[in-house]
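Okay, so here's the structure we're looking at.
The values are calculated or read from the model by the stated rules, or taken from the named source; none is laboratory data. Just so it is clear, the structure is predicted and the values come from calculations on it, not from any experiment. Ideal geometry is used to build each Cβ from the backbone, glycine not excepted, and the neighbour counts take in all protein chains shown.
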Amino acid sequence: MSSVEVRSVTKAWGETRAVDDVSFSVAKGELVVLLGPSGCGKSTMLRMIAGLDEPTTGMIAIEGRDVAGLTGSARGVAMVFQSYALFPHLTVSDNITFGLSVRGTSKQEMAERLARTAALLDLDKLLRRKPAQLSGGQQQRVALGRALIAKAPVCLLDEPLSNLDAQLRQELRREIRALQQRLGITMIYVTHDQTEAMSMADRVILMRGGRIEQNGRPAELYERPATLFAARFIGGAPMNFLDLDDAPLGAVIAGSTGPALFAGPGRGRVLGLRPEDVAVDSANGRAAFHATVTAVEYLGGEALVSCSLGDRAIQARTRGDGAPPIGTAVGLSWDAAASHVFDAASGERLTIDTGTAATSPQLHTVTNQGQIRA
Amino acid sequence: MAAPRASRLNIHLQGWLLVLPAVVLLATFTHVPAVETVIDSFFSTPHGKRPAVYIGFDQYRTMLADPVFWLAFRNNLLYALITVPLAIALALLMALWVNGRIKGRAALRLAFFTPTILPMVAAANIWLFFYTPDYGLLNQIIRLFGFESVNWLGSPATALPALMAVTVWKEAGFFMIFFLAALQQVPPVLYEAARMENASSWLVFRRITWPLLMPTTLFVAVNALINAFRVVDQVIAMTGGGPNNATALLLFYIFQVAFSFWDSGYAAALSVVLLSTLAIIAFLQFFLLDRKIHYR
Amino acid sequence: MNRFTRFLTGAALAATVLGGSHASATELTFYYPIAVGGPITKIVDGYAAEFTKAHPDITVKPVYTGSYQDSIVKAMTAAKAGNAPDVAILLSTDMFTLIDNELIEPYDAIATSDADKAWIKAFYPAFMENSQAGGHTWGIPFQRSTIVQYWNKDAFKAAGLDPEKPPKSWDEMVDFGKKLTKRDGSGAVTQWGLEIPSSGFPYWLFQALTTQNGAILANQDGTKVAYTDPKVIEAAQFFADLSGKYQVMPKGIIDWGTTPKDFFEGKTAMMWTTTGNLTNVRTNAKFAFGVAAMPAKARGGSPTGGGNIYIFKNDDKAKLKAALEFARFLSAPERAADWGIATGYVATRPDAWDTDAMKKYTAEFPAAAVARDQLKDAVAELSTHDNQRVTKALNDALQAILTGAKQAKPALDDAQAEATRILTTYQH
C-alpha cells in the first residue's frame, strides 16, 4: 500500500488548468520532491494533497483512504509552509503544540511530546521565545516541529528553505533528510531548486505546465532526461544543445565541420551534452571538434569554458586551474555514451545508438578527460 | 576640540529650528490654552468692570457641590463604558463580515462606512426622525408588534441610551475601517496553518485573529474612549442636555457653562477635570496596556 | 435659546457681505441671526442697501451670525476681543447679560432729540417690557413674537365640536382635549388633544400658563424670581396633569421642533407654538386650521419672545449716531410691516398695522392679527441677570415634573433656591 496515491488529478481555475491529469504514488517512508519552475503546478498539487484545495477531478488517497473533503490533520497530513506561517503572538512552544491543543490533547501528553520534538530539533532553549526573536533557521525548525509533533504519516513541505541563505540551506537539507529517514515518515517536498531535489530525494517528480515531465530517481533524471525540458532543468551548469544536420555519413553538428556522430538523419534532432561531459584538449591533439575559447567563468575548483564551435556556442567544464585562456584554439571531445539526442519538435528523448556510428577516434579521448576531471 | 563641539551644537540648533514651527503651533493652540485654563480655574469669572480675582479652589468646591456636574460626569462615564465596547464589538463584527468573500462586499463596506461620512448634525437629524414619538420609524416598528409608542428622547430613562445608540451607529463604521485594515494585514497563510489543524472558526478567532487585532483594538478603544468624553454635537442637536439633564455630558455642560452662562472661571475648572480625565486615559494607553500587547 | 432654528426649512443661507462701492465716512457692522425660514439674508441685504442709499455717508455691513445662541456667543466673544459689532439683533432676554458685561449703550443716552424720544415710545408696551431696565431703554423691538394656539378645524368637526370655537379657558381646553384624544382598538393613542412643547426652553411655554394663572415670574429689574408662588406651582401641576391626570397630551418631553409636524400629520388636534410658525403652518397644513389667543384661567395672555436691536458701546460718537440712525431705519413702520409679512413675526408698532401692505395682508389672512390682538394681555418674557442659568433652573424643574421625576412643589423649591443663590450677587 502506498502512502500517498494521486490518481488523474486535475485542478482548473476557469479555463486554465494548474494541474492537468496528474497521477503518481509515494511509498511509505519515501521522500519525493515535486520539482519545477514557478507556475508548473507543484504547489497547487501539494495544496491538494494537504486538503487546502480540492481537486476539480481525480482522486487522492492517503494511507489507502480516499481523503476527499478532509483537511490537514484529518487526512493524516502535516505541512510546513514556505513562509513558516508561525503565529507571531504565540511562543515557540504554543506554536508547536497549537494543533495538539486544538484536538484537546491532555496537558501532560502535550508537554511530553513537546519536549521530545524540541529535543529532536534542538529547540529546547527557545521554547519561550516569540517567532520574531528567532533567526530564519530557528523559525524553520519551529515550523518543522509543528508539523512533526502531530506524528502525521505524511509531511508536506512547500519550498521550506527558500528564505534562507545558501549555507543554512545546505545544513537544513541534510538535517531534514536525516530526520525523515530516522522517523520513517513519508515526505513530499516542493522546490524549484534542482540541487535541493537531487540531493534529498528518493524520487523526483519534475513538473511542467501542470503535467508530469518525468518521474524517477535523481540519477535517472540526470542520466536519462526524458525530454529536452528535463535535460535543461536538471544539472549544475545548463546542458549544451546543438542542432544536428544531415550529412552523407550521418548526423553532424549543424554549422560545424566535425565528423558524423551517428548514422541516420540529423535534421530535426538536437544533441544534448552536459558541460561536465565535454573535454577540452589542445587544438593539435586528437580531438575532432575544433573550437575557440570565447569566455572563461572561474568557479574555484572548476571553470566553465565557453567556446565557439563553428557558429555554435558550447560550454565545457574543466578544473579550475586547467582552463585555457580566451582566444585559444582548442579541441573538444566527449564520450559517445554521454550524448543525449532529442527530437527538436516534440522534445522527446530519442533512443539512438551513438556508439555504433561511423565516428572517429576522438570519441575515445575520455582518458584525457578523465585526467582533467580527476 | 572646539570644532566638533561647535558642529554638534550646530546640529542641535538645526534640529530645534526644524521642529520650531510645529512646536510654536502646538504650544500656541494646545499647550498655552491648556495651561491658561488651569490658571483661570483658580480665578473668579470677570464681570463687566469686576476683574477676575484669585479664589483658590473655590470653583472646585462649587463643582463638588454641583449636582449637574456629578450627573454629567456619571452620564459621561456610563456613556463611555457602554458605547465603547458596543461600538468595538459591532465594528469588529462588521469588519469580519465584509472581510469575507461575499457578494456585494464593496457595497456593504460602503454602507457600513456611510454613517461615518455624515456630519454629526445630519446624523442626529436622521435619528431625530427615528426617535419621533408616534410616527417615528422606531415607534412605527414597535407599534407593529403591539407595543405602545415610546417617547425615546423625552423620557429620562431612554434619552441617554438613545444618544448612545447614535454614537455606536456612527462610530462603529469608522472603527470598522481600522479593523478591516488590520484583518488584511494578517497573512492568509496563518489561517491555512490553522486549517491544517482543523481548528474551528471560533477557535481561530479566539486564538489567532483576536490576539493579532489586539493593537488595533487598543488603539480603537482609546480613541473611542476619548471621543466619548468629547461628545457635544449630538447632545446639542438632539436633546439639549434634557430632559432635566438626563443627557448632559461633560463637554456639553462645559459648553453650556461657558457660552450660555458666561461663567468662564467655572468652565475652566470643569475643563481641567475633563482634561485630567483624558490625560489619565492617554496615560493608561501609553504606559500600562502598551506593554502587554503583541505588536508585529 | 435658539427657539426658531429647528423649523428652519429654507435652504442654507450663506452670509453675504454687502461691499460698499465707495469709501464712506462711517461703516457699521450689523450682526443678525436667522431663526425662521425664507430668504432672510436677501431681505436684510436689501435693507442695508436701501439704508446706504438714503444715508450715503454710512455703510452697513450685515453679518449673518447663525442662531440666536450662536449670535450672542459671536457678539460676546467679538466684544471681548475688542471687535464688537456696532448693531446686533439678539434675544430680548439677553439684555441683562449684555448690560452686566457693559457691552451695550442705552438708547436714552443717544436718542436725545424729540423725534428720537417719540420713536422710543412708538412700540407696543408689551414688547418694551423686555427692552427696559433700571430706567433705561436698552433694546428696540425688531422681530418679536408671542405664543398662540393653533387648532385643527377638521378634527374639531370630527369630534363633534364647533370648528370655529377654540377653547377659551383651561377647563374648555381639557374638555375639548378629552374629546379630541382618539384611541385605537389596543388603546394606543392615534390623535392627541393638545401638545405644549417642553424641550429646550419649556419655561417660555410654561410662562403662558403662569401668566394665565395670574403669576409674574420675575421682577422688572431681573433680580428676583417667583418660582414658588402657589399660582406657579398650580400652573406646573396643570402642565403635568395634561398628560398625567387628563391624558390629553403625550407623556414625557414634547419636542419643540416636531410639534408643528405633529399638527400637520394630525397627531395632535391643538398645539401651542410661536406666531413665528404661522407661515409654516399656512404652507403645510392640509386641513382648515385656526389661530387664536391663549385660553384664560384667571386671565388670558402670553409672554413675548424674539429679538431686539441693540447698539454696542463705542467711543466714536459718530458711530453711535449712525447706529441709532440705522436702528430707527430698521424699526420704521414700513420695515416693521414688511418684515412681519415676510417672516410671520408680529409687527412691533401700531402704526405698522396701518400701512397699506399690512392692511392688505391681514384682510387676506386675518389669523396674522391674532398675535397683535393678544399683545394687550402679553407680559415680558422671563429675563433676569445671569439669565440662562436662572431659566435653566426652571427648565430642569419643569422637565423633572413633566417626566415624573419630581413633584411640582419640591422641584420648584429647588429651582427657586438655585435661582436665588445665583441672583443674590445682583440684589445690591
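With respect to (1) over 14 Å from the mean Cα position of the chain (by Cα); (2) part of a helix (DSSP H, G or I); (3) surrounded by fewer than 17 Cβ atoms within 10 Å (Cβ to Cβ); (4) not hydroxyl-bearing (Ser, Thr, Tyr), the lone exception for B:GLU148 is condition (2).
Of all residues in region C:36-46, those that are touching a residue at least 24 places away in the same chain (Cβ under 8 Å) and either at positive phi or buried (at least 21 other Cβ atoms within 10 Å of the Cβ) (or both) total 3. Across region A:213-248, the number of residues qualifying as under 24 Å from A:SER43 (Cα atoms) and out of contact with any Leu (no Cβ under 7 Å at 6 or more places or on another chain) comes to 16. For region B:178-215, filtered to residues that are buried (at least 16 other Cβ atoms within 10 Å of the Cβ) and of a type in the set (D, E, K, R), the residue that is nearest to the other protein chains (Cβ to nearest Cβ) is B:GLU197. Which ones in region C:272-296 are among the hydrophobic types (A, V, I, L, M, F, W, C) and buried (at least 24 other Cβ atoms within 10 Å of the Cβ)? Correct list: C:LEU278, C:MET294.
The condition of being over 18 Å from the mean Cα position of the chain (by Cα) and under 24 Å from B:ILE117 (Cα atoms) holds for only one of B:LEU180, B:LEU160, that being B:LEU180. Scanning region B:105-134 for residues that are buried (at least 16 other Cβ atoms within 10 Å of the Cβ) and within 11 Å of B:MET176 (Cβ to Cβ) gives B:ARG109, B:PHE112, B:PHE113, B:PRO115, B:THR116.
Given the structure, is C:ASP356 in contact (Cβ under 8 Å) with a residue 24 or more places away in the chain and surrounded by fewer than 18 Cβ atoms within 10 Å (Cβ to Cβ)? Criteria not met by C:ASP356. Take the residues in region A:185-222 that are of a type in the set (S, T, N, Q) and part of a strand (DSSP E or B); name whichever of them is farthest from A:GLY236 (Cα to Cα). Here the residue is A:THR186.
Take the residues in region C:99-137 that are among the hydrophobic types (A, V, I, L, M, F, W, C) and touching a Leu at 6+ places or on another chain (Cβ under 7 Å), then tell me which one is farthest from the other protein chains (Cβ to nearest Cβ). If you could, list the steps in order and put the result at the bottom.
First, pick out the residues of region C:99-137 that are among the hydrophobic types (A, V, I, L, M, F, W, C): C:99, C:103-104, C:109-111, C:115, C:118-120, C:122-123, C:126-128, C:133.
Checking the rest, the ones that are also touching a Leu at 6+ places or on another chain (Cβ under 7 Å) come to C:104, C:110-111, C:126.
Working: C:ILE104: 11, C:ILE110: 20, C:ALA111: 23, C:ALA126: 26 Å.
If we take residues in region C:99-137 being among the hydrophobic types (A, V, I, L, M, F, W, C) and touching a Leu at 6+ places or on another chain (Cβ under 7 Å), then C:ALA126 is farthest from the other protein chains (Cβ to nearest Cβ).
For region C:373-406, a residue qualifies if it is more than 13 Å from every other protein chain (Cβ to nearest Cβ) and outside any helix (DSSP H, G or I), and the qualifying residues are C:ALA378, C:VAL379, C:ALA380, C:GLU381, C:LEU382, C:SER383.
Here the condition is being modelled with pLDDT under 90, under 21 Å from A:PRO238 (Cα atoms) and in the same structural domain as A:ASP246 (by TED's automatic domain parsing); of A:GLY264, A:GLY272, A:GLY300, it holds for A:GLY300 alone. Among the candidates C:ASP356, C:ASP338, the residue that is over 23 Å from C:ALA35 (Cα atoms), out of contact with any Pro (no Cβ under 9 Å at 6 or more places or on another chain), more than 14 Å from chain B (Cβ to nearest Cβ) and of a type in the set (D, E, K, R) is uniquely C:ASP356.
Listed residues A:LEU134, A:LEU114, A:LEU164, A:LEU127; which is at pLDDT below 90 and away from every other protein chain (no Cβ under 13 Å)? Of the residues listed, the single one that is at pLDDT below 90 and away from every other protein chain (no Cβ under 13 Å) is A:LEU164. The condition (being assigned by TED's automatic domain parsing to the domain that holds B:ASN75, out of contact with any Gly (no Cβ under 7 Å at 6 or more places or on another chain) and at pLDDT below 80) is satisfied by just one residue among B:PHE147, B:PHE179: B:PHE147.
Within region A:182-212, the set of residues being under 21 Å from A:GLY39 (Cβ atoms), surrounded by fewer than 22 Cβ atoms within 10 Å (Cβ to Cβ) and over 9 Å from the mean Cα position of the chain (by Cα) comprises A:ARG208, A:GLY209, A:ARG211.
Candidates A:MET48, A:MET79: the one that is aliphatic (A, V, I, L, M), buried (at least 23 other Cβ atoms within 10 Å of the Cβ), within 14 Å of chain B (Cβ to nearest Cβ) and free of Cβ contacts under 8 Å to residues at least 60 places away in the same chain is A:MET48.
Condition first: assigned by TED's automatic domain parsing to the domain that holds A:ALA201, in a helix (DSSP H, G or I), more than 32 Å from the chain's Cα centre (by Cα) and closer than 26 Å to A:ARG47 by Cβ. Can you find one or more residues in region A:101-108 that meet it? Yes - at least one qualifying residue is present in region A:101-108. Since C:ALA323 meets every condition but one in (1) buried (at least 19 other Cβ atoms within 10 Å of the Cβ); (2) within 17 Å of the chain's Cα centre (by Cα); (3) under 30 Å from C:TRP138 (Cβ atoms), which condition does it not meet? Against the list (1) buried (at least 19 other Cβ atoms within 10 Å of the Cβ); (2) within 17 Å of the chain's Cα centre (by Cα); (3) under 30 Å from C:TRP138 (Cβ atoms), C:ALA323 comes up short only on (2). Close contacts from region A:237-259, counting a first residue that is farther than 27 Å from A:TYR222 by Cα and a second that is among the charged types (D, E, K, R) and assigned to a strand (DSSP E or B), with Cβ to Cβ under 6 Å and a gap of 6+ residues or different chains, come to A:GLY255/A:ARG312. Being free of Cβ contacts under 8 Å to residues at least 24 places away in the same chain and within 29 Å of C:GLY252 (Cβ to Cβ), is that true of even one residue in region C:191-208? No, every residue in region C:191-208 fails to be free of Cβ contacts under 8 Å to residues at least 24 places away in the same chain and within 29 Å of C:GLY252 (Cβ to Cβ). Listed conditions (1) buried (at least 24 other Cβ atoms within 10 Å of the Cβ); (2) among the small types (Gly, Ala, Ser); (3) within 14 Å of chain B (Cβ to nearest Cβ) are all met by C:GLY257, apart from (1).
Quick check: is even one residue across region B:266-273 surrounded by fewer than 19 Cβ atoms within 10 Å (Cβ to Cβ) and either on the phi > 0 side of the Ramachandran plot or at pLDDT 90 or above (or both)?
Here is the first cut: in region B:266-273, the residues surrounded by fewer than 19 Cβ atoms within 10 Å (Cβ to Cβ) are B:273.
If we keep only those that are either on the phi > 0 side of the Ramachandran plot or at pLDDT 90 or above (or both) as well, we get B:273.
Yes, some residue in region B:266-273 is surrounded by fewer than 19 Cβ atoms within 10 Å (Cβ to Cβ) and either on the phi > 0 side of the Ramachandran plot or at pLDDT 90 or above (or both).
Here A:ARG103 passes the criteria (1) buried (at least 17 other Cβ atoms within 10 Å of the Cβ); (2) facing chain B (nearest Cβ under 10 Å); (3) of a type outside the set (Phe, Trp, Tyr) except the one numbered (1). A search for C-beta distances below 9 Å between a residue of region B:122-136 that is facing chain C (nearest Cβ under 10 Å) and over 13 Å from B:ILE236 (Cβ atoms) and any residue that is of a type in the set (Phe, Trp, Tyr) and outside any loop (DSSP other than H, G, I, E, B), counting only pairs 6+ apart in sequence or on different chains, returns B:TYR131/B:TRP152; B:THR132/B:TRP152; B:PRO133/B:TRP152; B:ASP134/C:TRP192; B:GLY136/B:PHE129; B:GLY136/B:PHE130; B:GLY136/B:TRP152. When C:GLY200 is tested against the conditions (1) within 13 Å of chain B (Cβ to nearest Cβ); (2) modelled with pLDDT of 90 or more, the lone failure is (2).
Just one of the numbered conditions (1) free of Cβ contacts under 8 Å to residues at least 12 places away in the same chain; (2) basic (Lys, Arg); (3) not assigned by TED's automatic domain parsing to the domain that holds C:TYR203 is not true of C:LYS406: (3).
So for region B:276-287 (the condition being within 14 Å of chain C (Cβ to nearest Cβ), assigned to a helix (DSSP H, G or I) and modelled with pLDDT under 90), does at least one residue qualify? Taking every residue of region B:276-287 in turn, none turns out to be within 14 Å of chain C (Cβ to nearest Cβ), assigned to a helix (DSSP H, G or I) and modelled with pLDDT under 90.
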